[in-house]
1. What translational diffusion coefficient, in µm²/s and rounded to a whole number, does the Stokes-Einstein relation yield for the stretch 2-52 at 20 °C and a viscosity of 1.002 mPa s, taking the hydrodynamic radius as the Kirkwood radius over Cα pairs?
2. Tabulate in residue order the Karplus-calculated ³J(HN,Hα) for the stretch 18-34, using 6.51 cos²θ - 1.76 cosθ + 1.60 with θ = phi - 60°, rounded to whole Hz; enter x for Gly and Pro.
3. Run the simple label-point estimate for Val35 and Asp16 please: 7 Å along Cα→C-beta, distance reported in nm.
4. Which net charge results for the neighbourhood of Phe50, defined as the other residues with beta-carbon distances under 10 angstrom from its beta-carbon, given Lys and Arg at +1 and Asp and Glu at -1?
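No lab work stands behind these numbers, since they all come straight from the coordinates. Remember, predicted model here, so these are calculated numbers, not experimental data. So basically every Cβ, Gly included, is an ideal-geometry build from the backbone, and we count neighbours across all protein chains shown.
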Amino acid sequence: MKDGGEERFEFDWEKDDEDGYSCGNGWARAGAKGVLRGEIRDASGDWVKFRARRVKARGCGGR
């Protein structure tokens, strides 16, 4: 989605593990040098800010 000329991403997340099921949503905007900044709504409904940047892979099995 474009928002005022900036690219904006919206997403949903979910997890289901031994602690139970939870889900939420969030948004991010691409900024300078490929950094994404945004907020994630956690399972309790609070908004948590985050920043993500591209890094080189660090071998097998890394995220």
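1. In µm²/s, the coefficient is 179.
2. Coupling constants for the stretch 18-34: 4, 8, x, 9, 8, 7, x, 8, x, 8, 8, 10, 6, x, 4, 6, x Hz.
3. Simple spin-label model gives 3.7 nm for this pair.
4. Spelling it out: positives minus negatives among the neighbours equals +2.
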